[in-house]
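Notes for the one structure printed next.
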Amino acid sequence: MSRRALVSLAILAIAACSPGAPAESAPSGPQARDSGRREVAVFAGGCFWSVEANFEHMPGVVGAVSGFAGGRVANPTYDQVVRGGTGHLEAVQVTFDPARISYRQLVDRFWRTIDPTDPDGQFCDQGASYATAVFATAAQKPAAEASRRAAAARIGSDRFVTPVRDAARFWPAEAYHQDFARLNPVRYAGYSRFCGRAARLRAVWGR
């Protein structure tokens, strides 16, 4: 049983998925016009609710979907993934306008929202399905690897365990997982405080 499941039993009134740092608001000032172009990026950063919340308000991001990637089972359910054995990680597919934000900027942002020194999960969520990764296409890999090297240099390459993996089929999670932070702000905020995610990020990244 993962730590997330144990915590869930202890606080039944709170959602059983550790949220991320508070989602960033779009900066003020003029914004680039939507070009109509779309690309996708896939990130596994522990709880997919947290990853989704950290990306969906970034200027240039037009959508973020919670789901699963990297496993062997087609169209897996949440219960299958958290029980283990499917090989999937909780992940988020981020759709963005490359004229407004670059793939490299997204990867750079991703590192700062996770603890890349933890090989066993993230914060309250421990177990194989909560491991971290960047799933990159062949075209995306140079930027992803360059971003990883820069981030690893900041905190120590020997400590940095999050890999850049080959792109894998992404499977959306059930509807009740989508936009969880926005639709359930009280539950999400409660779990965020309980998990101490912000404090751990400050310890890792010095902020």
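Remarks
- Of the chymotrypsin sites (Phe, Trp or Tyr not before Pro) in region 54-87, those whose Cβ has at most 10 other Cβ within 10 Å and which sit in DSSP loop: none
- Overall form of region 138-207 per C-alpha gyration tensor (a/c, 1.5; a/b vs b/c): oblate
- Residue-wise HN-Hα couplings along region 111-125, as the Karplus relation 6.51 cos²θ - 1.76 cosθ + 1.60 with θ = phi - 60° gives them from phi, are 4, 6, 9, 10, 9, x, 9, 9, x, 10, x, 9, 6, 6, 9 Hz; Gly and Pro carry x.
- When the alpha carbon gyration tensor of region 26-156 is reduced to an equivalent ellipsoid, its three semi-axes come out at 25, 17, 14 angstrom, largest first.
- Those trypsin sites (Lys or Arg not before Pro) in region 26-100 that DSSP places in a loop and that have at most 15 other beta carbons within 10 Å: 33, 37, 38, 72
- Computed with a 1.4 Å probe over protein heavy atoms only, the accessible surface of region 129-207 comes to 53 Å² per residue.
- Two-site label geometry, residue 57 and residue 138: point separation in nm, points 7 Å out along Cα→Cβ: 3.9
- A straight chain from residue 146 to residue 183 at 0.36 nm per residue would run longer than the Cα-Cα distance by 9.8 nm.
- Positive-end residue, region 89-143 charge dipole about Cα centroid, Cβ charges, pick of 113, 129, 140: 140
The values are calculated or read from the model by the stated rules, or taken from the named source; none is laboratory data. As the structure is a prediction and not an experimental result, all values here were calculated from the model. Using ideal geometry, Cβ is built from the backbone for each residue, glycine included, and neighbour counts are taken over all protein chains shown. Quick note on the areas: whole protein, heavy atoms, side chains included, nothing else; ligands and nucleic acids left out. Shrake-Rupley method; radii C 1.70, N 1.55, O 1.52, S 1.80 Å.
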